[in-house]
Amino acid sequence: MISEIRLRRAHIDLVSPFRTSFGVETSRDLLYMEASGGGVTGWGECVAMSEPMYSSEYVDGCETMLRRFMLPLVQRDTTAQSFAKSASGIRGHYMSKAVLETALLDFQLRCEGVSLGSFLGATQTRVRSGVSVGIQPSIDDLLRVVQGYLNDGYLRIKLKIEPGFDIEPVRAVRTTFGDDVLLQVDANSAYELSDAKHLAQLDDFNLLLIEQPLPEEQVASHAQLAKVVRTPICLDESILSAEVAREALDIGACSIINIKPGRVGGYLEAKKIHDLCYERGVAVWCGGMLETGIGRAANLALAAMPGFTLPGDTSASARYFLRDVTAPFELRDGHLDVPTGPGIGIDPDLDYLDSITDRIETFALSRG
Ligand code: SMG
Ligand code: MG
């Protein structure tokens with residue numbers, strides 16, 4: 001039984017600025033939920049950024065949602081499943097739901113001695129790692145950064161693109177590193193349907209996929225775009241639930257899905273999207289939100305499910321942080337090991353985590 005929940009706010013610097021079509025991240029504004037009872041603690045890490053630029057959610061807003069509307073739903077005997085059910089009445093706010101649901105799930109799995117991987121039906125012991133490369137000041141800089149990641153052993157490169165930094169950078173990377181490199185691009189909604197012909201120029205570069213070219217709400221426009229562009233369209237921001245995923249696939253808006261548990265309300269919904277895609281033979285991969293080791297551990301368990309046939313944005317700790325809050329995840333032959341211990345299978349280094357913590361608030365639970 002859970003006796004208390006803690007909400008922790010912390011911050012950690014990134015090793016280098018990460019620029020996307022919507023902004024630059026230089027540090028990670030963190031929110032963790034910790035569900036504790038009987039000496040066991042379950043952890044969740046919120047994926048929201050400090051500003052509502054990737055999507056409408058942002059971390060201070062998540063804190064408000066958790067305090068006002070979600071923590072009041074939790075009692076001592078609340079499970080991840082019962083929380084998901086009671087929180088389904090709250091519209092949107094997927095990232096807030098996900099962090100609390102994950103802490104509850106981690107708590108119960110740790111109590112049962114079951115790893116998140118086995119709970120989800122993981123079939124792999126390690127997962128192939130890709131890396132997401134931010135927009136660089138010049139093509140020369142981009143080539144240097146990509147070379148560094150290839151030297152590290154990353155098995156797939158994803159280039160962030162935006163209008164004005166798209167066709168030529170992709171051409172340069174393809175020409176310099178050759179046809180064998182698994183390569184894809186992510187626009188984070190920066191284009192319009194009227195850019196379809198422009199985007200079709202990317203068809204020359206044998207990309208695995210184009211991720212989220214158009215705004216989140218324009219699912220049907222992606223189906224139009226898919227008729228003009230030969231490269232497979234992959235949706236990220238648009239896919240907020242298994243229902244949206246089903247509709248997007250039905251109308252041909254995408255042929256690949258980036259699954260991010262934080263974006264869809266948690267691992268239970270993420271598993272539903274995996275299962276739907278697996279049944280239909282649609283490839284999925286695990287996205288990333290610059291998570292620390294807590295969020296990364298859980299994502300690795302998900303990425304070890306059988307439908308994750310493409311390498312994800314599950315990079316090593318060193319790609320993000322000088323020092324992670326857990327033991328670092330390290331690349332071996334381009335792979336990361338899936339944690340095997342109960343729950344997410346890893347614990348934070350509490351002394352270090354405390355040293356980057358700004359504040360902790362404790363919520364005692366009623367008996368229910
Ligand atoms: O965790 O390696 C990571 C980041 C991967 O590119 C990444 N994430 O749209 O897929 C995406 C972005 C969202 C976060 S950008 C700050
Ligand atoms: Mg994306």
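Check D333, D313 and return the single one that is more than 23 Å from R8 (Cβ to Cβ), charged (D, E, K, R), touching a residue at least 40 places away in the same chain (Cβ under 8 Å) and within 16 Å of ligand 1 (Cβ to nearest atom). Steps first, please.
On the way: D333 fails: within 16 Å of ligand 1 (Cβ to nearest atom).
After ruling out the rest, the residue left standing is D313.
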Scan of the range 250-262 for residues that are crowded, with 24+ Cβ neighbours inside 10 Å and over 18 Å from Q184 (Cβ atoms), ordered by number: P261, G262
Those residues of the range 10-28 which are surrounded by fewer than 18 Cβ atoms within 10 Å (Cβ to Cβ) and away from ligand 2 (no atom under 16 Å from the Cβ) amount to H11, D13, L14, V15, S16, P17, T26, S27
All positions within the range 150-193 that are outside any loop (DSSP other than H, G, I, E, B), over 18 Å from C234 (Cα atoms) and within 15 Å of ligand 1 (Cβ to nearest atom): D152, F165
For the range 216-249, enumerate the residues that are surrounded by fewer than 22 Cβ atoms within 10 Å (Cβ to Cβ) and either within 13 Å of ligand 1 (Cβ to nearest atom) or modelled with pLDDT under 95 (or both). E216, E237
Can you name every residue in the range 270-299 that is in contact with a Cys (Cβ under 8 Å, 6 or more places away or on another chain) and among the aliphatic types (A, V, I, L, M)? A283, V284
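Let's see how each residue does on (1) out of contact with any strand residue (DSSP E or B) (no Cβ under 7 Å at 6 or more places or on another chain); (2) farther than 26 Å from P52 by Cβ; (3) among the hydrophobic types (A, V, I, L, M, F, W, C):
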{"position": "I239", "(1), (2), (3)": "no, no, yes"}
{"position": "V244", "(1), (2), (3)": "yes, no, yes"}
{"position": "I259", "(1), (2), (3)": "no, no, yes"}
{"position": "D275", "(1), (2), (3)": "yes, yes, no"}
{"position": "A283", "(1), (2), (3)": "no, yes, yes"}
{"position": "C286", "(1), (2), (3)": "no, no, yes"}
{"position": "G307", "(1), (2), (3)": "no, yes, no"}
{"position": "G312", "(1), (2), (3)": "no, no, no"}
Which residues, taken from the range 320-368, are surrounded by fewer than 18 Cβ atoms within 10 Å (Cβ to Cβ) and at pLDDT below 95? A364, S366, R367, G368
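Determine whether A122 is aliphatic (A, V, I, L, M) and outside any loop (DSSP other than H, G, I, E, B).
Values: aliphatic (A, V, I, L, M): yes; outside any loop (DSSP other than H, G, I, E, B): no.
No; evaluated as a whole, the condition is false for this residue.
The values are calculated or read from the model by the stated rules, or taken from the named source; none is laboratory data. Owing to the predicted nature of the structure, the values given are computational and were not obtained by experimental measurement. Note that each Cβ is placed from the backbone with ideal geometry, even for glycine, and that neighbours are counted across all protein chains shown.
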